[in-house]
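Okay, structure first, notes after.
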Amino acid sequence: MKKLLLVALAAIGGLLVYRQIQADRAEQDLWTEATDSVPAGSGASS
């Protein structure tokens, strides 16, 4: 029973870490988009 509890806690911890990493990555992408020096509609993309 203790092993099952430890596995469940490890899975929950892993999920929380994964969600935090995803949130940080999304925030970084948003920040990069907001501070990009090339305007989105300039046609500069290849």
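Overview of results
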read-out: Separation of the A34 and I21 label points, Cα + 7 Å toward Cβ, nm; value: 2.4 nm
read-out: Karplus 3J(HN,Hα) series, Hz, for segment 14-30 with 6.51 cos²θ - 1.76 cosθ + 1.60 (x for Gly, Pro); value: x, 5, 5, 5, 4, 5, 5, 5, 4, 5, 5, 5, 5, 5, 5, 4, 5
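Readers should treat all values here as calculations from the given coordinates under stated rules, not as data from a laboratory. Note that the structure is predicted; figures quoted are calculated from it, not measured. Neighbour counts are summed over all protein chains in view; Cβ atoms, including those assigned to glycine, are modelled from backbone coordinates with ideal geometry.
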